[in-house]
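The values are calculated or read from the model by the stated rules, or taken from the named source; none is laboratory data. Keep in mind it's a predicted model, so treat the numbers as computed, not measured. We place every Cβ from the backbone using ideal geometry, glycine too, and count neighbours over all the protein chains shown. For the accessible areas, the whole protein counts, side chains as well, though only heavy atoms, and no ligand, DNA or RNA atoms are used. Shrake-Rupley method; radii C 1.70, N 1.55, O 1.52, S 1.80 Å.
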Amino acid sequence: MSGIWRYQSTSIPLRLANAGAVVALPLLAVEQLGDVAVGGFLVAVALFPSVIAAPLVGALLDRMRRPRLLLIIGGAITAAAYLFASQLGTLPIGVIALILAVAGFVTPAYMGGLSSFAPDNIEPVRKAYAQDALSYTIASVGGPALAALAIPLAGSA
């Protein structure tokens, strides 16, 4: 498998989920609770910890012998958090917020942290940076678009 394919097949799904959640969580809150403010709160809770954690996660990735493990753990925690968030209306808001906050602390592993591995997998370096930017662009457009397509068909959960 080429470096570009391996990088994009890893980075895009993780980033798509993150970008789609920004649309899905508020719509889920409206659908389940009739309150978009709760959805906005949950988005903020999911995103804010990454501001604090980014330098720490970056340093940890730099020091790890097997950084892939942290990327896998980060993706799994985020997937579990979104699964729990889909239970809004059944689970208490505080529990969902706590779980999303935990996921927010690992988000930098597959957002900015993953970017640091692009040059290790794609040559030449300028092509690696272009592929990383493409990953972010696909995710930032595709995540909300996929959520917008899926929600009318299957509901926001």
Out of (1) within 17 Å of the chain's Cα centre (by Cα); (2) not in a helix (DSSP H, G or I), what's the single condition that is false for GLU123? (1)
Those residues that are touching a Ser or Thr at 6+ places or on another chain (Cβ under 8 Å) and acidic (Asp, Glu), I need them from region 10-40; list them, please. GLU31
Failed item in (1) buried (at least 21 other Cβ atoms within 10 Å of the Cβ); (2) not in a helix (DSSP H, G or I), with THR107 passing the rest: (2)
Filter region 1-12 down to residues that are part of a helix (DSSP H, G or I) and free of Cβ contacts under 8 Å to residues at least 24 places away in the same chain and give me whichever is least open to solvent (accessible area, probe 1.4 Å). SER9
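Residues are listed down the side, and each one gets a yes or a no for (1) at pLDDT 90 or above; (2) more than 12 Å from the chain's Cα centre (by Cα); (3) surrounded by fewer than 14 Cβ atoms within 10 Å (Cβ to Cβ); (4) of a type in the set (Gly, Ala, Ser):
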{"residue": "ASP62", "(1), (2), (3), (4)": "no, yes, yes, no"}
{"residue": "LEU69", "(1), (2), (3), (4)": "no, yes, yes, no"}
{"residue": "ILE77", "(1), (2), (3), (4)": "yes, no, no, no"}
{"residue": "SER86", "(1), (2), (3), (4)": "yes, yes, no, yes"}
{"residue": "ILE93", "(1), (2), (3), (4)": "yes, yes, no, no"}
{"residue": "ILE96", "(1), (2), (3), (4)": "yes, yes, no, no"}
{"residue": "ILE99", "(1), (2), (3), (4)": "yes, yes, no, no"}
